[in-house]
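A.B. asks: This structure is in structure tokens; I'll ask about it shortly.
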Amino acid sequence: MTKPLDRIDRKILRTLLENGRLSNAELSEKVGLSPSPCWQRVKRLEDEGVIRGYTAILDQAKLGLTETVIIEVMLERHDDEVLERFGEAMAALPEVLEAYLTTGEYDYLIKVTVAGTAGYEQFLRRKLYKIEGVRHSRSCFALKCLKHTLSVVPDPEPSSMEATGTGRVPAR
């Protein structure tokens, strides 16, 4: 069972979101703990699966992948086999940054990165439309990314916010 996050856990998580390459000594200084308890908390957060891993964030445009496209996909059928096959295909395509099974008119929402409109056409013709079971898709190109984050750290429990009557966390 995961231990509830306290203020220090959240501070550790926010600091690691800003820079996951910090040494334990640097992290402990930023969050106001000595190195040993800081390391123990990080280790616990990793062991509990709160911290799933660390990664480098690449600049897609500098790699020649200048366009981000959001694609809604409708499948012909919704049986387990078709859903499983489509999910496996999405996981195998390197252009796919994110893929979600959704509610609503379309079955999946996928986010891809491609080298311009020609790259997108190739993705559609050579990859997406070759997946058995795809009935229809609808796309929109992202013009500008206004916010990009990989995770969020939740605010304290609602009861803490309700105590002030303002919906804001009391200053500490």
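A.B. asks: I'm checking my understanding of the structure. Among residues of region 111-131 that are part of a loop (DSSP other than H, G, I, E, B) and among the aliphatic types (A, V, I, L, M), which one is farthest from Thr55 (Cα to Cα)?
C.D. replies: As a first pass, look at region 111-131 and keep what is part of a loop (DSSP other than H, G, I, E, B): 115, 127, 131.
Okay, now just the ones that are also among the aliphatic types (A, V, I, L, M), so 115, 131.
Numbers: Ala115: 23, Ile131: 29 Å.
Residue satisfying both the conditions and the ranking: Ile131.
A.B. asks: For region 16-54, what are the residues that are part of a loop (DSSP other than H, G, I, E, B) and in contact (Cβ under 8 Å) with a residue 40 or more places away in the chain? Before the answer, list the steps.
C.D. replies: First pass over region 16-54, keeping only residues part of a loop (DSSP other than H, G, I, E, B): 19-23, 32-34, 48-54.
Answer for region 16-54, where residues must be part of a loop (DSSP other than H, G, I, E, B) and in contact (Cβ under 8 Å) with a residue 40 or more places away in the chain: Glu48, Gly49, Val50.
A.B. asks: Restricting attention to region 132-143, and to residues there that are part of a loop (DSSP other than H, G, I, E, B) and modelled with pLDDT of 95 or more, which single residue is farthest from the chain's Cα centre (by Cα)? Working first, answer last.
C.D. replies: At the first step, the residues of region 132-143 found to be part of a loop (DSSP other than H, G, I, E, B) are 132-133, 142-143.
Checking the rest, the ones that are also modelled with pLDDT of 95 or more come to 142-143.
Details: Ala142: 17, Leu143: 20 Å.
Looking at residues that are part of a loop (DSSP other than H, G, I, E, B) and modelled with pLDDT of 95 or more, I get Leu143.
A.B. asks: Would a scan of region 24-41 turn up a residue that is closer than 21 Å to Thr149 by Cβ and aliphatic (A, V, I, L, M)?
C.D. replies: Residues of region 24-41 that are closer than 21 Å to Thr149 by Cβ, as a first pass: 27, 30-31.
Filter once more, so that each one left must be aliphatic (A, V, I, L, M): 27, 31.
Yes, region 24-41 contains a residue that is closer than 21 Å to Thr149 by Cβ and aliphatic (A, V, I, L, M).
A.B. asks: Also, quick follow-up: Starting from residues that are of a type in the set (A, V, I, L, M) and out of contact with any Lys or Arg (no Cβ under 6 Å at 6 or more places or on another chain), keep the ones in region 13-41 and report whichever is nearest to Pro156 (Cα to Cα).
C.D. replies: The first filter runs over region 13-41 and keeps only residues of a type in the set (A, V, I, L, M), leaving 13, 16-17, 22, 25, 27, 31, 33.
Add one more test, that the residue is out of contact with any Lys or Arg (no Cβ under 6 Å at 6 or more places or on another chain), and what stays is 13, 16-17, 22, 25, 27, 33.
On the way: Leu13: 13, Leu16: 18, Leu17: 17, Leu22: 24, Ala25: 26, Leu27: 21, Leu33: 20 Å.
Ranking the candidates gives Leu13 first.
A.B. asks: Counting just the residues of region 104-131 that are among the hydroxyl-bearing types (Ser, Thr, Tyr) and over 19 Å from the mean Cα position of the chain (by Cα), which one comes out nearest to Met90 (Cα to Cα)?
C.D. replies: Step one: of region 104-131, the residues among the hydroxyl-bearing types (Ser, Thr, Tyr) are 106, 108, 113, 117, 120, 129.
Filter once more, so that each one left must be over 19 Å from the mean Cα position of the chain (by Cα): 106, 117, 120, 129.
Details: Tyr106: 16, Thr117: 20, Tyr120: 15, Tyr129: 12 Å.
Checked region 104-131; the qualifying residue nearest to Met90 (Cα to Cα) is Tyr129.
A.B. asks: Pull up region 55-91, narrow it to residues that are assigned to a loop (DSSP other than H, G, I, E, B) and in contact with a Gly (Cβ under 8 Å, 6 or more places away or on another chain), then point me to the one that is surrounded by the fewest Cβ atoms within 10 Å (Cβ to Cβ). It would help to see each step written out before you state the result.
C.D. replies: Filtering region 55-91 for residues assigned to a loop (DSSP other than H, G, I, E, B) gives 55-60, 64-66, 76-79.
So of that shortlist, the ones also in contact with a Gly (Cβ under 8 Å, 6 or more places away or on another chain) come out as 55, 65-66, 76-77.
Details: Thr55: 8, Leu65: 19, Thr66: 14, Glu76: 12, Arg77: 10.
The selected residue is Thr55.
A.B. asks: Related question: Could we say that Arg10 is in contact (Cβ under 8 Å) with a residue 24 or more places away in the chain, part of a helix (DSSP H, G or I), within 11 Å of Val153 (Cβ to Cβ) and open to solvent by 60 Å² or more (accessible area, probe 1.4 Å) here? Even if it seems obvious, please write down each step before you answer.
C.D. replies: Details: in contact (Cβ under 8 Å) with a residue 24 or more places away in the chain: yes; part of a helix (DSSP H, G or I): yes; within 11 Å of Val153 (Cβ to Cβ): yes; open to solvent by 60 Å² or more (accessible area, probe 1.4 Å): no.
It is false that Arg10 is in contact (Cβ under 8 Å) with a residue 24 or more places away in the chain, part of a helix (DSSP H, G or I), within 11 Å of Val153 (Cβ to Cβ) and open to solvent by 60 Å² or more (accessible area, probe 1.4 Å).
The values are calculated or read from the model by the stated rules, or taken from the named source; none is laboratory data. Everything numeric here is computed off the predicted structure, so don't read it as measured data. When we count neighbours, we look across all protein chains shown, and the Cβ atoms used for this are built from the backbone with ideal geometry, even at glycine. Heavy atoms of the whole protein, side chains included, go into the accessibility calculation; ligands, DNA and RNA do not. Shrake-Rupley method; radii C 1.70, N 1.55, O 1.52, S 1.80 Å.
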